[in-house]
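A.B. asks: Let me begin by handing over the structure; questions about it come next.
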Amino acid sequence: MMDSRDGLQGPHRTLDTDIESFFNSAPPLKDSLDIGRKLKEFIDRHSFSSGNKGPSRIVCVSSGGTTVPLEQRCVRYIDNFSSGHRGAASTEYFVKAGYAVVFLHRRGTCQPYCRSLPENSLLECFELTEESSVQVRQSHSEAVKRAIRHHHTATEKGLLLKLPFTSIFEYLQILRMVAISVKNVGSYCMFYLAAAVSDFYVPWESMAEHKIQSASGPLDMRLAQVPKMLSVLRKEWAPMAYCISFKLETDPKILLEKADMALRKYKMHVVIANELLTRKEEVVVVTSNERITVHRDSNEADADVESPLIKLLVEKHSAYIKETGTSN
Ligand code: 9Z3
């Protein structure tokens, strides 16, 4: 029997079929109706001309690592190192630059405006008074006020939509929803994909339903390759959006070459190359005709590399909007 994909040949057929079977076999997204509603409201609010200001720019920032469940009733999973710092910091700078941000983040990872607060912020930043009411500790008062002020400004203006994920299944399903819903925003939309996405996974249908038993001896498990969604994001989901992905390596000798390859293979507008150990100090912005190294300003104690990085990317996005003829 022929299927509707029989017109496709070679690698395209394989990739499309892999992507289709990934989504078909993924467990259904629990809050998909709620996510769809929130996305629609957010995008409607920012994609239509408001007064004489013209449409806003929207960026989807992905942040943190995806998990790979080993059991359907998940007890164990494979995870990665990502703290979500890059995504959270970048979100703050995008909001500052006037972008509306869909912050697609791993549950429990670093959040915008909370980066300067201690890890256990509730217990460390607050104390009980003699009358048993709660007050901010003097030592943390400036940091707490700054965080609350900036967060409120962003949320009051409706510039921040937070969408959480945990597993690779959730991440890719939500990314697809976001991408399809911003299609009409065209070149005003940007994807800034800083999430550390699993390369390998256990397909849902071949996954054990119940907790894997240790009494069964050493565990032998075959992981399938996660199909690369970047091509389909560029080709089908949001073809006009400005797309930035990240390339992470631990071996500096192969980093730039791999970033170049990703740029060409997935037709990204920009690939940001970073090394695990120096990722907070410097990154290299790779495009088809240049490589720009961006450093953290080492003279300032709380400066981060995301500040000059986002400034540069916003300029590049402006040039792209102009080039595609949609500038107002
Ligand atoms: C990155 O390279 C991010 O910059 C980091 C940020 C994950 C290193 P943290 O969250 O770290 O601040 O702790 N993200 C993308 C990594 C990735 O999975 N890239 C894929 C690859 O390298 C391409 S989609 O193959």
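The values are calculated or read from the model by the stated rules, or taken from the named source; none is laboratory data. Here the structure is a predicted model, which is why all the values come from computation and not from measurement. When we count neighbours, we look across all protein chains shown, and the Cβ atoms used for this are built from the backbone with ideal geometry, even at glycine.
A.B. asks: Among (1) under 23 Å from Ile244 (Cα atoms); (2) within 14 Å of the ligand (Cβ to nearest atom); (3) modelled with pLDDT under 95, which single condition is His46 missing?
C.D. replies: Every listed condition holds for His46 apart from (2).
A.B. asks: Return a yes/no flag: does the range 147-163 have any residue that is closer than 25 Å to Cys114 by Cβ, touching a residue at least 40 places away in the same chain (Cβ under 8 Å) and loosely packed, with under 14 Cβ neighbours inside 10 Å.
C.D. replies: yes
A.B. asks: Then there's this: State whether the residues of the range 205-215 include one that is within 16 Å of the ligand (Cβ to nearest atom), touching a strand residue (DSSP E or B) at 6+ places or on another chain (Cβ under 8 Å) and touching a residue at least 12 places away in the same chain (Cβ under 8 Å).
C.D. replies: no
A.B. asks: What's the total number of residues in the range 185-244 that are in a loop (DSSP other than H, G, I, E, B) and within 25 Å of Asn24 (Cα to Cα)?
C.D. replies: 20
A.B. asks: Looking at Glu92, Glu131 in this structure, which one is within 14 Å of the ligand (Cβ to nearest atom) and over 12 Å from the mean Cα position of the chain (by Cα)?
C.D. replies: Glu92
A.B. asks: Moving on. Please state which of the following conditions Ser116 fails to meet, knowing it meets all the rest: (1) part of a loop (DSSP other than H, G, I, E, B); (2) at pLDDT below 95; (3) out of contact with any Lys or Arg (no Cβ under 9 Å at 6 or more places or on another chain).
C.D. replies: Status for Ser116: all satisfied but (3).
A.B. asks: Okay, moving on. Taking the range 308-328 only, how many residues are more than 17 Å from Val270 (Cα to Cα) and surrounded by 13 or more Cβ atoms within 10 Å (Cβ to Cβ)?
C.D. replies: Looking only at that region, the number is 2.
A.B. asks: When you look at Leu163, is it under 19 Å from Leu33 (Cα atoms), of a type outside the set (Gly, Ala, Ser) and within 14 Å of the ligand (Cβ to nearest atom), yes or no?
C.D. replies: Criteria not met by Leu163.
A.B. asks: Looking only at the range 58-95, which residues are touching a residue at least 40 places away in the same chain (Cβ under 8 Å), under 27 Å from Lys183 (Cα atoms) and of a type outside the set (A, V, I, L, M, F, W, C)?
C.D. replies: Ser62, Ser63, Gly64, Gly65, Thr66, Arg86, Gly87, Ser90, Thr91, Glu92, Tyr93
A.B. asks: If you scan the range 257-284, which residues turn out to be more than 11 Å from the ligand (Cβ to nearest atom), under 17 Å from the mean Cα position of the chain (by Cα) and not in a loop (DSSP other than H, G, I, E, B)?
C.D. replies: Answer for the range 257-284, where residues must be more than 11 Å from the ligand (Cβ to nearest atom), under 17 Å from the mean Cα position of the chain (by Cα) and not in a loop (DSSP other than H, G, I, E, B): just Val270.
A.B. asks: If I ask for residues that are surrounded by fewer than 24 Cβ atoms within 10 Å (Cβ to Cβ) and either within 16 Å of the ligand (Cβ to nearest atom) or at pLDDT below 95 (or both), which ones from the range 64-88 would you list?
C.D. replies: Result: Gly65, Thr67, Val68, Ile78, Asp79, Asn80, Phe81, Ser82, Ser83, His85, Ala88.
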